[in-house]
1. Can you tell me how many residues in region 64-108 are crowded, with 19+ Cβ neighbours inside 10 Å and touching a Cys at 6+ places or on another chain (Cβ under 6 Å)?
2. Just to be sure before I move on: is residue 217 on the phi < 0 side of the Ramachandran plot, modelled with pLDDT of 90 or more and under 24 Å from the mean Cα position of the chain (by Cα) in the structure I sent?
3. Output the residue which, of all residues in region 117-127 that are at pLDDT below 85 and crowded, with 17+ Cβ neighbours inside 10 Å, is nearest to the chain's Cα centre (by Cα).
4. Every residue in region 155-200 that is charged (D, E, K, R) and more than 22 Å from the chain's Cα centre (by Cα), please.
5. Would a scan of region 190-203 turn up a residue that is free of Cβ contacts under 8 Å to residues at least 12 places away in the same chain, touching a Gly at 6+ places or on another chain (Cβ under 6 Å) and assigned to a loop (DSSP other than H, G, I, E, B)?
6. Within region 16-59, work out how many residues are surrounded by 14 or more Cβ atoms within 10 Å (Cβ to Cβ), in contact with a Leu (Cβ under 7 Å, 6 or more places away or on another chain) and not aliphatic (A, V, I, L, M).
7. Taking region 15-64, which residues are modelled with pLDDT of 90 or more and at positive phi?
8. Filter region 137-173 down to the residues that are crowded, with 17+ Cβ neighbours inside 10 Å and polar (S, T, N, Q) and list them by number.
Amino acid sequence: MRLTILAMVAGCGESSSVACDDGTFCPDRTVCGGAGVCLVEADACARFDENTACELDLERGRCVEGACVPGVELIGVAAVVPRREAIEGVEVTARDHPEIVPSLTNRNQFFGLKNIVPDTAVVLELSFPDTRSVVTGPIVLGDRGRSIDVVYGGIPLVAEASLDLVAATTGLAQIPGTGIVSAAAFDPAIGAFAGMSAVLDVGCSGPFYLGAELLVVADATATLATDGSFVFVNCPPGAAALTAGFPGRSCRTLDGIPATNLAIEIVADRLLWLGRITCE
C-alpha cells in the first residue's frame with residue numbers, strides 16, 4: 001500500500017511524501033525502493049545530489065549530472081566443495097545493501113544480482129544448509145556491470161563436515177566467533193600452481209596448504225599444483241593484512257591489486273574468500 005501525504009510548506013505551496021510498506025516516508029519526486037530506500041524519479045535527478053539512487057524504467061540506477069544512469073548486474077558462480085557440486089539454491093546477498101534483491105544460484109551454479117547502482121562496492125555473502133557461510137572482499141562494479149567468475153572462480157561453500165576434517169587433521173578445534181581466510185594460487189594460463197606462500201598479520205592458525213579433495217597436506221610450506229588453495233583458521237574478526245609471496249616474483253589478485261599487505265576484513269563465523277592470486 002502506498003499512501004500519499006500532502007503537506008503545506010510555507011512559501012513553497014503544496015508538496016507530498018509517500019508512506020511505503022516498510023514504514024519509510026519518501027519525499028516528493030521519489031518512489032519507494034524497499035528496505036528503507038527512496039529512489040529518485042528518473043526526470044528529477046537534477047534536484048538531488050550526485051550518485052543518489054534513482055529509478056529508470058522500473059530498474060535502479062544513480063543520478064549523474066542530472067540524469068538517471070541505469071543500474072548494472074553482478075554475475076558469478078558458486079560451488080559446494082570439495083567436489084564442487086552443482087547445487088541450486090545457494091542464497092547470495094550483498095552485505096549492508098538491503099536494497100539489492102538477493103539471488104539464488106541456478107542449476108548451472110550461476111547467480112546474478114541486478115539493478116546495482118554503478119560504481120558501488122559490494123561484499124557478497126553466500127549461504128547454503130550444512131555449509132560455512134562465505135563472504136568476499138569488496139567487489140567494485142563499473143558502469144557496465146561485472147562478471148566475477150574468472151577473478152573469484154567458483155566461490156566455494158565448504159561443507160561443515162570438511163571443516164571438521166580439517167580440524168581433525170590439524171588438531172585444531174574450531175573456535176566459535178572466529179573467522180576463516182582462504183584464497184588460491186591461480187595462473188590464467190595454467191590454472192593452480194605450486195610455490196606461493198601466504199602470511200597474515202594477525203594471530204590465526206595456519207596457513208594450511210590444501211591438496212586433492214581440499215585435504216590439508218602435512219608440512220607443506222607453499223601452495224600445491226593440485227589445488228593451489230590455502231586456509232587460515234581461528235582468525236580474530238576485524239581488519240587484517242595478507243601478503244602472498246613467490247621467490248623472484250610479485251603477486252597480485254586477478255583484480256590487479258598487489259597482494260602485499262592486502263587489506264582485508266575478517267568476519268566472525270564466516271569464511272572470507274579472497275579469490276585467485278597470481279604471481280608474475
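The values are calculated or read from the model by the stated rules, or taken from the named source; none is laboratory data. Everything numeric in this text was worked out from a predicted model, so none of it was measured. Cβ atoms come from the backbone with ideal geometry, glycine included; neighbour counts cover every protein chain shown.
1. Residues in region 64-108 being crowded, with 19+ Cβ neighbours inside 10 Å and touching a Cys at 6+ places or on another chain (Cβ under 6 Å): 1 in total.
2. The answer is no for residue 217.
3. This residue is 120.
4. 164
5. No, that holds for no residue.
6. 4
7. 29
8. Across region 137-173, the qualifying residue is only 162.
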